[in-house]
Amino acid sequence: MVDRKFGSIRLLVCSSCTGVRERATELQALQKAFAAQGLEKTTLIEFGGCLNGCAKPIAIGLQGEMRASYVFSGIDLVNDAEDIVRTCKAYQDAPKGWIVNAHDCGRLRYCLLARLPSWRL
């Protein structure tokens, strides 16, 4: 269960990149990594539409209310699970989601495809 407070974030995984057979294994690896760091209640993991990272699957996105948004590609959800969690932690801790120093993101700092500033209606 995700705590739907202001600081909650969404990790969107491109469902076009992942196969149905692998999805359960990938989700389990992510859930285990998030639980190990105590972030399971503040991060919603969703398998959703295409993120246009087709040249380097798997693509993932990070979103949060009134926060910057990120798209990463070339991700291995199982092997990169700990780096994904570290990136989510850096995102959660960064003012308005704007990660200035991506060193803590591990390999994901080399997989950034796009970053969009926050937008508010």
Inset, instruction - Considering only the stretch 38-82, state which residues are of a type in the set (A, V, I, L, M, F, W, C) and closer than 21 Å to Lys96 by Cβ. - result: Leu39, Leu44, Ile60, Leu62, Met66, Ala68, Val71, Phe72
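In this structure, is Ala55 among the small types (Gly, Ala, Ser) and touching a residue at least 40 places away in the same chain (Cβ under 8 Å)?
Answer is no for this residue.
Thr43 - would you say it is out of contact with any Gly (no Cβ under 9 Å at 6 or more places or on another chain), at pLDDT below 90 and among the hydroxyl-bearing types (Ser, Thr, Tyr)?
Values: out of contact with any Gly (no Cβ under 9 Å at 6 or more places or on another chain): yes; at pLDDT below 90: no; among the hydroxyl-bearing types (Ser, Thr, Tyr): yes.
Spelling it out, it is not the case that Thr43 is out of contact with any Gly (no Cβ under 9 Å at 6 or more places or on another chain), at pLDDT below 90 and among the hydroxyl-bearing types (Ser, Thr, Tyr).
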Inset, instruction - Identify all residues within the stretch 95-105 that are in contact (Cβ under 8 Å) with a residue 12 or more places away in the chain, farther than 13 Å from Tyr70 by Cα and in a loop (DSSP other than H, G, I, E, B); write none if there are none. - result: none
Legend entry - Qualifying residue in the stretch 51-73 (condition: touching a helix residue (DSSP H, G or I) at 6+ places or on another chain (Cβ under 8 Å) and among the acidic types (Asp, Glu)): no
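Yes or no, residue by residue, for (1) touching a Ser or Thr at 6+ places or on another chain (Cβ under 9 Å); (2) open to solvent by less than 80 Å² (accessible area, probe 1.4 Å); (3) without any contact (Cβ under 8 Å) to a residue 40 or more places away in the chain:
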site	(1), (2), (3)
Arg10	yes, yes, no
Ser15	no, yes, yes
Glu26	yes, yes, no
Phe47	yes, yes, yes
Leu77	yes, yes, no
Arg107	no, no, yes
Arg115	yes, no, no
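The values are calculated or read from the model by the stated rules, or taken from the named source; none is laboratory data. All values reported here derive from a predicted model rather than from experimental measurement. Neighbour counts run over all protein chains shown; Cβ positions are idealised from the backbone, glycine included. The protein model used for the area step is the full one, side chains on, heavy atoms only, and it has no ligands, DNA or RNA in it. Shrake-Rupley method; radii C 1.70, N 1.55, O 1.52, S 1.80 Å.
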